[in-house]
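First comes the structure, then the notes that go with it.
The values are calculated or read from the model by the stated rules, or taken from the named source; none is laboratory data. Remember, predicted model here, so these are calculated numbers, not experimental data. As a convention, Cβ positions derive from the backbone with ideal geometry for all residues, glycine included, and neighbour counts pool all protein chains shown.
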Amino acid sequence: MALIVLLAQPLLMARDAAAVPDAQAQTTTMRNPAGDGIKSMLLMGVFVVGMWFLLIAPQRKKAKELANTLKTLKAGDKIVTNSGILGVVLSIKDKTLSIRSADTKMEILKSSVLEVLERGGEPSESKS
């Protein structure tokens, strides 16, 4: 909402500066409602495009990277789950993984994998 106010402020200031206090000049000056509608639509379009680049596009990119990570997952990879469990992948099934964490063997969903720490003993690139 603050972004809309900031973007609309120059337009409002220009309108106020162009307003003529003389009554006769005001009667000859007419507002164009179609032009105001177009300006409003352009402002809304700028806002939507800005939201796309700030929120939606990075989230889609992150989802694609995670999907690629899950496709290349193999036994021996060290992973972190959404709940913070560190483990080593033992086997992979269609929708689940068997992992070993300390002395415990667990079966988890593939969708709960947050990131891969090491691939088969080699450190992976960390972006954080």
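Of the set (1) in contact (Cβ under 8 Å) with a residue 12 or more places away in the chain; (2) part of a loop (DSSP other than H, G, I, E, B), all apply to Gly84 but (1). The number of residues in the range 90-104 being among the charged types (D, E, K, R) and out of contact with any Leu (no Cβ under 8 Å at 6 or more places or on another chain) comes to 3.
Of everything in the range 90-111 that's of a type in the set (A, V, I, L, M, F, W, C) and in contact (Cβ under 8 Å) with a residue 24 or more places away in the chain, which residue is nearest to Asp77 (Cα to Cα)?
Leu97
Could you go through the range 25-32 and let me know if any residue there is surrounded by 11 or more Cβ atoms within 10 Å (Cβ to Cβ), at pLDDT 80 or above and either aromatic (Phe, Trp, Tyr) or more than 30 Å from Glu118 (Cβ to Cβ) (or both). No, because not a single residue in the range 25-32 is surrounded by 11 or more Cβ atoms within 10 Å (Cβ to Cβ), at pLDDT 80 or above and either aromatic (Phe, Trp, Tyr) or more than 30 Å from Glu118 (Cβ to Cβ) (or both).
For the criterion of being small (Gly, Ala, Ser), more than 30 Å from Leu114 (Cβ to Cβ) and modelled with pLDDT under 90, Gly45 fails.
Between Gly87, Gly50, Gly120, which is under 30 Å from Ile4 (Cβ atoms) and surrounded by 10 or more Cβ atoms within 10 Å (Cβ to Cβ)?
Checking each option against the conditions leaves just Gly50.
Of note, Lys95 satisfies the criterion of being surrounded by fewer than 12 Cβ atoms within 10 Å (Cβ to Cβ), out of contact with any His (no Cβ under 7 Å at 6 or more places or on another chain) and at pLDDT 90 or above.
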